[in-house]
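Participant: What follows is a single structure, and I will ask about it in a moment.
Values in this text are rule-based calculations from the coordinates and carry no lab data. Since the structure is predicted, the reported quantities are computational estimates derived from the model, not experimental observations. Neighbour counts run over all protein chains shown; Cβ positions are idealised from the backbone, glycine included.
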Amino acid sequence: MAAGSAAEVVVVGAGFGGLSTACYLADAGLEVTVVEKNESLGGRASVLERDGFRFDMGPSWYMMPDVFERFFGDFGREHTEFYELTHLDPHYRVFFRDGDQRAASGQSSGRHARDGVDQVDVTPDRAAMRRLFESYEPGAGAALDSYLEQAAETYEVGMEQFVYTDRGSFRDYLDWDVLRNARGLGLLGSMQDHVSDYFDHPKLQQLVQYSLVFLGGSPTNTPALYNLMSHVDFELGVHYPEAVGDFSPPHRETASPGGMGTVVDAMAALGDEMGVTYRTGVEVERITGERGNFTLETTQEPVTADLVVSDADYAHTEKHLLAPEDRQFDDDYWDSRTYAPSAFLLYLGVEGDVDPLEHHTLVLPEDWSDHFEKIFDDPSWPDDPAYYCCVPSETDPTVAPEGHSNLFVLVPIAPGLEDGPEAREAARDALLEDLATNVGVDLRDRIVVEEQFSVSEFTDRYNAEQGSALGLAHTLRQTGPLRPDHRSSALDGLYFTGGFTRPGIGVPMCLISGEHAASAVLEDLDDDRRIQRPA
């Protein structure tokens with residue numbers, strides 16, 4: 001790069017990590033171009049539109065609203081300039097498939113029984129939640145208060161010391177503030193051990209552990225640090241974004257009216273205002289060169305840059321975009337990682353309503369250990385799966401034609417599974433049968449739109465290693481400094497953002513990862529440019 005000129009940076013991939021990085025670097029005065037393999041921005045947060053239905057194809061839970069507020073605030077903006085939030089009530093509904101109707105009668109506990117299925121709603125009302133927990137186990141209401149008090153402390157300390165602060169080496173943990181504040185956060189124990197200290201009933205353990213699916217782990221392999229997710233879940237709440245104002249993202253004529261696609265559009269519009277250039281339909285096939293002289297071979301013409309930030313999956317970048325001498329890790333390293341689950345997804349447009357499903361609904365088996373074993377220990381299609389239903393039409397009528405409902409059904413499955421037509425058809429039929437039998441909503445004769453998405457599509461569309469829906473799981477051996485770094489140690493001028501690196505997977509974490517990656521770029525430029533947080 002010429003002396004005194006602005007560095008030219010290419011961001012490969014337009015997921016939340018890439019969009020975030022682009023905003024921070026453009027705000028610091030760099031010339032930023034985002035190149036995206038697919039025709040739309042958002043990475044896994046794609047939007048599918050068909051016959052009047054609009055589906056969020058990936059993330060669908062808007063959680064940790066403080067992280068989004070912080071992101072927009074870093075640029076002197078507010079998210080309300082782009083979208084508003086509806087606080088969902090209930091946050092979600094749970095069906096337990098176990099036939100247990102004991103103590104399930106009466107409205108005061110928030111529990112209901114129907115045809116041998118135990119149904120509960122998780123709401124913003126703490127008193128109602130105490131009654132709900134107490135209905136399963138004497139003393140569990142008070143235990144919930146203690147558990148959430150601990151989760152709130154973990155969230156406050158964990159976010160400040162381990163998430164917003166990027167600690168890339170074990171030496172970074174030898175800091176008095178870290179040691180003083182980290183006491184009792186349970187960095188080494190498992191979530192299962194931590195939760196069992198508070199609750200004996202398996203259903204209560206499931207209620208406070210289900211959010212581990214957002215971290216790609218199981219109760220036995222995820223550090224207890226992530227009990228902070230219960231504070232996110234019970235206290236900060238679950239929301240739904242809907243567009244406001246008149247803003248146009250750079251990659252489409254109008255913003256998506258609602259859902260996570262709206263957040264993608266808001267971030268892209270923000271970056272566009274700051275000078276970010278977005279190029280879709282451009283797949284990067286090779287990265288060569290070094291700091292100040294990179295060339296990216298693409299499916300179109302080559303792209304040159306001074307610096308490169310990859311938001312493509314870290315493993316894909318290393319294994320397929322770089323020459324062997326430019327890689328930090330060999331194939332054995334990537335093969336030895338624990339990947340978060342893939343998924344089998346059904347996107348369904350149906351006639352009529354889908355009561356008793358809520359906007360977010362979880363359907364859980366009596367014992368979910370077998371399902372986790374078939375994800376992490378003995379990869380195979382689950383016989384008795386836990387699964388999730390998202391029905392945005394319960395909140396947003398624009399996602400479906402009048403008189404219809406919009407929903408998708410997601411089953412977490414092991415990454416790398418064979419997902420041919422026979423396996424898919426069996427999974428589809430079993431899901432629709434279970435919805436009819438155990439949840440009470442029969443969709444089979446009312447489906448007017450159907451699309452499937454699974455391991456193969458995650459691999460083909462997103463270049464996802466083993467078809468993982470999320471990236472590297474948050475196991476104890478893949479947390480904090482044990483995750484891949486933002487800087488390449490093999491190729492000067494190459495950086496990484498997104499769910500493979502710190503702080504981890506999930507939309508809020510990827511937003512923060514973008515800030516960390518941008519900070520690394522600016523620090524290495526050594527020209528006194530830094531991310532300045534508004535006072």
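Participant: Order by neighbour count: 270, 148, fewest other Cβ atoms within 10 Å first, most last.
Facilitator: Exposure proxy ranking, most exposed first: 148, 270.
Participant: Now, a different point. Sort 279-287, 499-507, 6-14 by packing, meaning the average of other beta carbons within 10 Å per residue, with the highest value first.
Facilitator: 499-507, 6-14, 279-287
Participant: Here's something else I'd like to know. Quick one: order 277, 123 by neighbouring beta-carbon count within 10 Å, fewest to most.
Facilitator: Listing 277, 123 from fewest to most nearby Cβ atoms yields 277, 123.
Participant: If you take every residue apart from residue 479 with its C-beta less than 12 Å away from the C-beta of residue 479, what net charge results, scoring Lys and Arg +1 and Asp and Glu -1?
Facilitator: Local charge sum for residue 479: +4.
Participant: Around residue 259, under 9 Å between beta carbons, what's the net of Lys plus Arg minus Asp minus Glu among the other residues?
Facilitator: So the surrounding residues net to -2.
Participant: Could you give the angle, 0 to 90 degrees to the nearest 10, between helix 16-27's Cα long axis and the longest principal axis of the Cα atoms of the chain?
Facilitator: Its long axis makes an angle of about 40 degrees.
Participant: Excluding residue 382 itself, what net charge comes from residues whose Cβ is under 11 Å from its Cβ, given Lys and Arg +1 and Asp and Glu -1?
Facilitator: Charge balance near residue 382 sits at -4.
Participant: What are the ³J(HN,Hα) couplings of the range 348-358, residue after residue, when phi is run through the Karplus curve with 6.51, -1.76, 1.60 and θ = phi - 60°? Round to Hz, x for glycine and proline.
Facilitator: 10, x, 10, 6, x, 8, 10, 3, x, 5, 9
Participant: Follow-up question, since we're still on this one. With point charges of +1 on the Cβ of Lys and Arg and -1 on the Cβ of Asp and Glu, referenced to the Cα centre of the chain, which listed residue (143, 415, 230) lies farthest in the positive direction of the dipole?
Facilitator: 143
Participant: At 7 Å along Cα-to-Cβ for each site, give me the label-to-label distance between residue 482 and residue 325 in nm.
Facilitator: 3.4 nm
Participant: Can I ask one more? Going by amide H atoms built from the backbone, whose H comes under 5 Å of the H on residue 92, apart from near neighbours?
Facilitator: For residue 92, whose amide H was placed from the backbone, the distant partners under 5 Å are 122.
Participant: With a 10 Å Cβ neighbour count serving as the proxy for reagent exposure, in which order, fewest first, do 55, 234, 16 appear?
Facilitator: Ranked by crowding around the Cβ, least crowded first: 234, 55, 16.
Participant: Mean residue ellipticity at 222 nm from the helices of the chain, using -39,500 (n - 2.57) per DSSP H segment of n ≥ 4 over the full residue count, to the nearest 500 deg cm²/dmol?
Facilitator: Computed ellipticity for the chain at 222 nm equals -8000 deg cm²/dmol.
Participant: With θ taken as phi - 60° and the coefficients 6.51, -1.76 and 1.60, list the Karplus ³J(HN,Hα) couplings across the range 67-76 in order, rounded to whole Hz; mark glycine and proline as x.
Facilitator: Listing the rounded values in order: 5, 5, 4, 5, 4, 5, x, 4, 10, x Hz.
Participant: Ok, one more. Rounded to the nearest 10 degrees, what's the angle between the helix 140-158 long axis and the longest principal axis of the chain, both from Cα atoms, 0 to 90?
Facilitator: The angle comes out at about 0 degrees.
Participant: Computed FRET efficiency, Cβ-Cβ of residue 280 and residue 254, R0 25 Å: what is it to the nearest 0.05?
Facilitator: Working from the Cβ atoms, E equals 0.95.
Participant: Modelled label-to-label distance, residue 146 and residue 384, 7 Å Cα→beta-carbon offset: nm?
Facilitator: So the two model labels end up 3.1 nm from each other.
Participant: Give the peptides 158-164, 17-23, 366-372 in descending order of average Cβ contacts within 10 Å, highest first.
Facilitator: In decreasing order of mean packing, 158-164, 17-23, 366-372 become 17-23, 158-164, 366-372.
Participant: Then there's this: Using modelled amide H (1.01 Å from N, peptide plane; none on Pro or chain starts), what sits under 5 Å from the amide H of residue 46, excluding residues fewer than 5 places away?
Facilitator: 57, 58
Participant: Residue 333 to residue 6: FRET efficiency via 1/(1 + (r/R0)^6), r the Cβ-Cβ distance, R0 30 Å, to the nearest 0.05?
Facilitator: That pair, residue 333 with residue 6, gives E of 0.25.
Participant: For helix 421-434, report the angle its Cα long axis makes with the longest principal axis of the Cα atoms of the chain; keep it between 0 and 90° and round to the nearest 10°.
Facilitator: Its long axis makes an angle of about 40 degrees.
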